[in-house]
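Here the structure comes first, spelled out in structure tokens, and everything after it is commentary.
No lab work stands behind these numbers, since they all come straight from the coordinates. The structure displayed is predicted, hence computed values, not measured ones. Note that we place each Cβ from the backbone using ideal geometry, even for glycine, and neighbour counts take in every protein chain shown.
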Amino acid sequence: MDELITKARFFEYFSGKATPLQKKNIEAWLVDPANRDLYYQWLHEWEENNPQLVTDWQIAFDTARQRLSQPDPSDQPDTSIRLRWWQQRFFLPWTLAASVVLLLGLVGWLFSDAIRYKTLESGFGETKRSILPDGSEVVLNANSRIRYPRFGFASDHFLGFLTNTPAERRVELTGEADFSVRHLPSHRRFVVLTEKGVSVQVLGTQFTVLSRGERTRVVLRSGKVELTTKQASRPPLIMKPGDWVTLDAQGKLAVRKTAHPEHVAAWKHHRFVFDRTPLHDIAQLLQDNYGLTITIDDQELASRTISGAFPAQDANDLIKLVAEILQINYFRDNTNVTFTN
């Protein structure tokens, strides 16, 4: 790292104390996208230690009402412009109402989702690794997104109370992600929520969650998690390392064991591990991760299976690999792929 780029230097920059030369060096450093994650980590740390002013709308409202209801003592009767009685009766209340509406609009903006939550997402064919404010690591598979509160996620920050931040560390997931959760001294739970109402609650562990369309899958590598669904009649499921849990479109829960739970997240290293995986499941993977439309000539071909671990850097690598192993042909036209005998 450039010796001029340090955390202390950035803290001066955030405080408005940096010199013009320091600002220029920082701006040049930020041009590289690889530096931005560290920048946001330092920004979050500085904000945690330097709380900013939060507007008290009730005081502002009372002050505005008092000023509008009392005449200015400096006004002189013979030179000031006096409102007629009908103007005082109708104009002042409307001004007060407009001030209240403006103030409430500002408060609403400050507490909107765009301010309260941060979103991380990956595009088709892209994986993204990030460190959350509590030190936990998350790796997003392609075409995935998580959302979590900006304030109070790692500690009991005062803004967490104002923005109704939940007591647990809550992450909302769409797609697929691998988590390495850091245990906090406060023992605050780490919770992953999916669109299908599945909740994965942990303290400190490693696991992978997939939530795409009607499919949900949770695979635990280490530690212990409690899995609940939106069906109130179903008791929570305590998962142990090696447990592989799936939830289908009808809400049916299935549990099985796997000797190699780490294979589920092999995509983090551009590897794909198949265990008697049918071609139609691989076609779904190509659609989810790369945005492709897959056509398979016949049902017999769709049911053929592949086993083994294979490296693939992109969609073309994976398509060629599948065709070679199954000894079949394929045709690709932009985002449309057809597998044939």
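Numbers below:
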{"read-out": "Sites Q327 and T295, calculated FRET efficiency, Cβ-Cβ separation with R0 30 Å, nearest 0.05", "value": "0.95"}
{"read-out": "Listed residue pairs exceeding 29 Å between alpha carbons, taken from K118/K224; K224/K252; K196/K224; K7/K196; K224/K320", "value": "K7/K196; K224/K320"}
{"read-out": "Rounded, prolate or oblate (a/c below 1.5 giving rounded, otherwise prolate when a/b exceeds b/c) for segment 206-341 by Cα gyration tensor", "value": "prolate"}
{"read-out": "Relative contact order (%) - criterion: Cα under 8 Å, at least six apart; region: segment 266-341", "value": "36"}
{"read-out": "Cα-projected label distance for E226 with K23, points at 7 Å along beta-carbon direction, nm", "value": "5.1"}
{"read-out": "I238/E45 FRET efficiency (R0 30 Å; Cβ-Cβ; nearest 0.05)", "value": "0.30"}
{"read-out": "Difference of contour (0.36 nm per residue) and Cα-Cα distance, R182 to L38", "value": "50.0 nm"}
{"read-out": "Contact order normalised by residue count of segment 224-293, Cα under 8 Å, 6+ apart, percent", "value": "17"}
{"read-out": "Sites T6 and A302, calculated FRET efficiency, Cβ-Cβ separation with R0 56 Å, nearest 0.05", "value": "0.50"}
